[in-house]
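Structure record follows, encoded as structure tokens.
The values are calculated or read from the model by the stated rules, or taken from the named source; none is laboratory data. Here the structure is a predicted model, which means the values were calculated and not measured. Cβ atoms come from the backbone with ideal geometry, glycine included; neighbour counts cover every protein chain shown.
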Amino acid sequence: MKKKTLIIALSIIILIAIIITISVTVLANKNKRDPKEIWKAYISKINNSNYEEAYDMLTQSSKESILKEDFIKRNKNIYEGIEMQNMQIEITDVSEEDDISKITYNLSMDTKAGKITFNNIVKLEKDKQNGYLIDWSSKLIYPQLENEDKIRVNTIQAERGKITDRNDIALAENGKISSIGIVPGKLGEDKEQALVQISDLLGIDIDTIKNELSASWVKDDSFVPIKKVSMSETELKQKLLQIPGIKISSVTARTYPLNEAAAHLIGYIQNINAEELEKNQNKGYNSNSLIGKTGLERKYEERLKGSDGIEIYIEDAEGDRKATIAKKEVINGENIKLTIDSNIQNKLYNELKNDEGFFVVMEPHTGEILALVSTPSYDPNKFILGISQDEWNEIINNEKKPMTARYLQSWCPGSTMKPVTGAIGLTTDSLSEEDTFTYSGLSWQKDKSWGDYTVTTLTGYSGAKNLRNAIIHSDNIYFAQATLQIGKENFQNGLNRIKFGENIDFELQLSKSQYSNQDNIETEVLLANSGYGQGQMLVNPIHMASIYSAFANEGNMIKPYLEQKDNKNVEYLVEGAFSEKAANIIEKDMIQVIENDEGTAKAMRVEGRTIAGKTGTAELKESKEDNKETLAWFNCYTADDKENQLLVIAMVENGRTAGGSSYLVRKIKTLF
């Protein structure tokens, strides 16, 4: 019984196999007999780059007109050159005459220059053994394309948009640089000596130059580029032109007219790398593209780069343009206008270029950033001209960190935090102008629970220990006691309100400001220290500019911004950051920091101007015996002319060596 069942099962399986085989054979024969299916199959193979299999579908006469390898090469070069995708056909008519089938069809395909569509006719010849075969010529690629013609792709490079300051002065533009090259056939008899001279002047190893000259494409009359230099290098170029074989040409390149003065802000562009190319697929980049690497060049990359124009056209055997197949118009990059004032930017950079520090300059009633300076700096033009490995190593190994944009970081604010502490106390009614504290000497501690820790201040004074005198004299002890009176909850809530611990909405990524390394201020000593800007307090300078703007704006923190806008409506980062009364009191006290003969910034007095300010020294030492450097700060703003105000946040890292806040006062005063 089991044997009989097995025989029946095997018979069924064999029968099914026979049916499937017959069906496949019938279908295959049907497809061979159906010219429409043959043509669709051919298009599918072309669409999938199966050019070898597509060639097997051609008539014998077609194969005699083009060898297989030439067919594959021609189709591959054309379709890959135009970046063909998604080829589709719509058959509109089929006519039969003897053994010839004519198919009329519409074809469409996507290319790098946009969609191409055309109407065409293909002839298929009946073959007894193979069914229908395709009568091929180049016209099946494009109706106007003859076998001797070529399809060319011309790219019209988009012009990168400029970055300008508020007065349309270029900060990044497409300028000119000099390309230094050698024409080998003109080096003269003493070729070796000429190469030695060129090597010495350009600072390029002679073997490197020889390698360039020995490239396979180089002929005696070729111009072999060796190095790019700034147009301003006139003395170097004059010396080079005395050497036989040297040729200098002018080429277009991205240039940064302010050089080091705005390097961190503007950034630079360079050749795209593999990772960036992968990340930016289908955005118009290729392996030769330039892309913004840092600063605003990177931030505004998509707007600045534009979109290249592309033209696909037919060129005949004589090299003449025959017909345009597709064209994508070039779209130049967008020009971006900043709020930056180049004069202020350049001036302040030169004031601080030999130090480690920063300047932030803002219009406190509008939020327009007028300058962002970080020192030391680097020349972004070197990245365009071609920076050597030695030059790059010198930059990245420099302990002063010239690539770091210091105004994007957060720093211990020292005594510049005291007006903020005072404003929080006044706003929460946990501190008043009249509150005075009693202590003597230059050190103080709350009680013995603090152990051997004491709060120290630099100078004593005879007046009452109240808010105004504490700001004028920068009294640490007063603010330590005042912060304890304000209380942890009021103090932290006040700082949270003005966006401590939050990302600030700004064109560039700013480091967050903080009042603790943890979620809150954990100890009483830390609370006392935080009140005068020490402890674990860190503040970003641009955030600090917004906070200080509240003293000029009746308690409202202005929203800083970098790009010029048509809408001049005032935008606040925090409305009611402090009460109007608190802001006015603090402003009057900071005016006295400059106007009072005992004020810590009396050197900032400018005749005919009213300026409010606060000095600051941030101790970086971890113990009394620690001799680490201090950060010297000076924050100020003009408090008189509401239509023409400047707010400046400044810091120098080598505070003790430089001479403290007074060093910055002298530099900022030059603006007025």
Those residues of segment 204-238 which are surrounded by 15 or more Cβ atoms within 10 Å (Cβ to Cβ) and of a type in the set (Lys, Arg), in sequence order: Lys227, Lys228, Lys237
More than 19 Å from Leu348 (Cα to Cα) and buried (at least 20 other Cβ atoms within 10 Å of the Cβ): which single residue out of Ala632, Ala577 fits that description? Ala577
For segment 262-276, give me each residue that is hydrophobic (A, V, I, L, M, F, W, C) and in contact with a helix residue (DSSP H, G or I) (Cβ under 8 Å, 6 or more places away or on another chain). Ala262, Ala263, Leu265, Ile266, Ile269
Confirm whether Gly319 is within 29 Å of Glu563 (Cα to Cα), of a type in the set (Gly, Ala, Ser) and either modelled with pLDDT under 95 or part of a strand (DSSP E or B) (or both). no
Filter segment 543-574 down to residues that are surrounded by 24 or more Cβ atoms within 10 Å (Cβ to Cβ) and out of contact with any Ser or Thr (no Cβ under 8 Å at 6 or more places or on another chain) and give me whichever is nearest to Ala405 (Cα to Cα). Ala545
Filter segment 352-389 down to the residues that are in a helix (DSSP H, G or I) and either under 27 Å from Lys559 (Cα atoms) or not aliphatic (A, V, I, L, M) (or both) and list them by number. Leu352, Asn381, Lys382, Phe383, Gln389
Kindly establish whether Gly333 is of a type in the set (Gly, Ala, Ser), modelled with pLDDT of 95 or more and over 22 Å from the mean Cα position of the chain (by Cα). no
Quick check on Lys327: is it surrounded by fewer than 24 Cβ atoms within 10 Å (Cβ to Cβ), farther than 16 Å from Arg166 by Cα and over 21 Å from the mean Cα position of the chain (by Cα)? yes
Pairing a residue in segment 278-300 that is in the same structural domain as Ile82 (by TED's automatic domain parsing) and more than 16 Å from Thr155 (Cα to Cα) with any residue that is of a type in the set (S, T, N, Q) and surrounded by 15 or more Cβ atoms within 10 Å (Cβ to Cβ), where Cβ atoms lie under 7 Å and the two sit 6 or more apart in sequence or on different chains, gives none
Here is a check on your reading of the model: is Lys499 closer than 29 Å to Ile591 by Cβ, out of contact with any Gly (no Cβ under 7 Å at 6 or more places or on another chain), assigned to a loop (DSSP other than H, G, I, E, B) and modelled with pLDDT of 95 or more? yes
Of the candidates Lys123, Lys139, the one satisfying the condition of being part of a helix (DSSP H, G or I), of a type in the set (D, E, K, R) and assigned by TED's automatic domain parsing to the domain that holds Ile89 is Lys139
Which ones in segment 126-136 are surrounded by fewer than 17 Cβ atoms within 10 Å (Cβ to Cβ) and not in a strand (DSSP E or B)? Lys128, Gln129, Asn130
Within segment 86-103, can one find any residue that is among the basic types (Lys, Arg) and touching a Lys or Arg at 6+ places or on another chain (Cβ under 7 Å)? yes
Taking segment 262-281, which residues are part of a loop (DSSP other than H, G, I, E, B) and either at negative phi or in contact with a Cys (Cβ under 7 Å, 6 or more places away or on another chain) (or both)? Tyr268, Ile272, Asn273, Asn280, Gln281
Does Ile369 count as within 23 Å of the chain's Cα centre (by Cα), assigned by TED's automatic domain parsing to the domain that holds Lys305 and touching a residue at least 60 places away in the same chain (Cβ under 8 Å)? no
Using beta carbons and a limit of 8 Å, which pairs, at least six apart or on different chains, have the first residue in segment 475-500 and touching a residue at least 24 places away in the same chain (Cβ under 8 Å) and the second one of a type in the set (D, E, K, R) and part of a helix (DSSP H, G or I)? Phe479/Lys418; Leu484/Glu524
Just for segment 82-108: of the residues that are at pLDDT below 95 and not in a strand (DSSP E or B), which one is nearest to Ala326 (Cα to Cα)? Glu83
Quick check on Ser249: is it over 30 Å from Ala371 (Cβ atoms) and either of a type in the set (Val, Ile, Thr) or within 32 Å of the chain's Cα centre (by Cα) (or both)? yes
Take residues that are hydroxyl-bearing (Ser, Thr, Tyr) and modelled with pLDDT of 95 or more and tell me which of the helices (runs of 4 or more DSSP H) falling wholly in segment 1-63 contain 2 or more. 35-47, 51-55
Gly284 passes all but one of the listed conditions (1) part of a helix (DSSP H, G or I); (2) on the phi > 0 side of the Ramachandran plot; the exception is number (1)
What are the residues in segment 162-179 that are crowded, with 19+ Cβ neighbours inside 10 Å, in contact with a Ser or Thr (Cβ under 9 Å, 6 or more places away or on another chain), modelled with pLDDT of 95 or more and among the aliphatic types (A, V, I, L, M), if any? Leu171, Ala172
Long-range neighbours under 8 Å by Cβ, at least six apart or interchain, first residue in contact (Cβ under 8 Å) with a residue 60 or more places away in the chain within segment 91-112, second small (Gly, Ala, Ser) and surrounded by 15 or more Cβ atoms within 10 Å (Cβ to Cβ): Thr111/Ala326
Please state which of the following conditions Asn350 fails to meet, knowing it meets all the rest: (1) touching a residue at least 40 places away in the same chain (Cβ under 8 Å); (2) buried (at least 16 other Cβ atoms within 10 Å of the Cβ); (3) closer than 29 Å to Glu363 by Cα; (4) not basic (Lys, Arg). (2)
Pairs, first without any contact (Cβ under 8 Å) to a residue 24 or more places away in the chain in segment 31-50, second among the aliphatic types (A, V, I, L, M), C-beta under 7 Å, six or more apart: Lys45/Ala54
Working only within segment 443-457, note down all residues that are outside any helix (DSSP H, G or I), in contact (Cβ under 8 Å) with a residue 24 or more places away in the chain and more than 30 Å from Ser579 (Cβ to Cβ). Ser443, Tyr453
